[in-house]
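My questions all concern the structure below.
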Amino acid sequence: MNEINVLNHPLVDCHLSVLRSKQTCNAEFRQSIKRLSMLLAYSATAQLEIETYTVETPLAACAGHRLKKRVGLAPILRAGVAMVEPMLELIPTSEVWHLGMYRDEHTAQPVHYYSKLPDGAPVDIAFILDPMLATGGSAAMAIKALVQWGVRHIKMLAIIAAPEGIEHLRKNFPDVEIHACVVDERLNEDHFIVPGLGDAGDRIFNTLG
Ligand code: PRP
């Protein structure tokens, strides 16, 4: 069964409030996404395997550590792109594999429009990045693409998750770990997360019109 990891931290609560507010401008919204992504990344990477090697300090030799596995970041376009930079700050050697999905606005079904995963050996662990896990349709499609590539260890990182999306992944992909800053109340009749933060992609890229 999926492990659900929800951040419980005063800084998360403060940054989330900025993100939720309709008065927050696009620049500030992006900053809050970055800060929350960094906190989420810190928690979601806690189990990454490391190996030791020898480091020479100016004074002596000592044990150093480096990541053992090949790490991939899979941001879901568009909004997931805003979570890439903070992840790369922490894991600069990550590979970034973009996955393009959008939700059909009438049916709320995901449409897969871009993916260029290679034929070669898959990454050892992939972090799917998307600020919002609503119905879970887009995340499920991203998971399927990564599984088809051969990725065996997948973690879903969302800033805000709805119970419906968590349940969807739980049922269909019990091995995928879910990390979220917060789990909101529910989806409304238009499949938007309530109270949520509106449309993350539009607020990040200033395309609300
Ligand atoms: C939003 C969001 C997720 C998806 C979540 O993207 O960023 O990708 O919806 O919904 P789901 O869990 O019900 O699939 P959107 O379709 O608005 O695309 P955009 O990021 O290009 O605006």
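How long is the gain from ALA61 to ASN206 if the chain were fully straight, where each residue apart is worth 0.36 nm and the alpha carbon distance is subtracted?
The ALA61-ASN206 span can extend by a further 47.1 nm.
Also, I was wondering about something else. Near THR207, within a Cβ-to-Cβ distance under 12 Å, what is the net charge of the other residues, with Lys and Arg +1 and Asp and Glu -1?
Cβ neighbours under 12 Å give a net charge of 0.
For CYS25, CYS181, what ranking results if the residue with the fewest other Cβ atoms within 10 Å of its Cβ goes first?
So the residues, fewest neighbours to most, are CYS25, CYS181.
Which value, in debye to the nearest 20, describes the size of the charge dipole of the chain about its Cα centre when Lys and Arg Cβ atoms bear +1, Asp and Glu Cβ atoms bear -1, and nothing else is charged?
I would put it at about 240 debye.
Please list the non-local residues whose amide H lies under 5 Å from the amide H of LEU77, H modeled 1.01 Å from N, same-chain partners needing a gap of 5 or more.
For LEU77, whose amide H was placed from the backbone, the distant partners under 5 Å are LEU99, GLY100, MET101.
Counting DSSP beta bridges in the chain, what percent are antiparallel, to the nearest 5?
35
Can you sort LEU40, LEU117, LEU157, LEU59 from fewest to most other Cβ atoms within 10 Å of each residue's own Cβ?
If I rank by nearby Cβ atoms, fewest first, I get LEU59, LEU117, LEU40, LEU157.
Follow-up. Can you bin every Cα-Cα distance in the chain into 5 Å intervals starting at zero and give me the percent of pairs per bin, rounded to whole numbers?
That works out to 1, 7, 15, 20, 20, 15, 9, 5, 3, 2, 1, 0, 0, in percent per bin.
To check my understanding: the extent here is largest minus smallest coordinate of the Cα atoms along each principal axis. What are those three numbers for region 126-209, in Å, largest first?
39, 25, 21
For the pair ALA121 and LYS22, how long in nm is the line joining their label points, each one 7 Å along Cα→Cβ?
Computed distance between label sites ALA121 and LYS22 equals 5.2 nm.
Over 28 Å between Cα atoms, which of LYS68/LYS155; LYS22/LYS116; LYS22/LYS144; LYS68/LYS116 qualify?
Over 28 Å Cα-Cα: LYS22/LYS116; LYS22/LYS144.
Quick note: the coordinates plus some simple rules give every number you see, no bench work behind them. Being a predicted model, the structure only gives us computed values, none of them experimental. Counting neighbours? That spans all protein chains shown, and the Cβs are built from the backbone with ideal geometry, glycine included.
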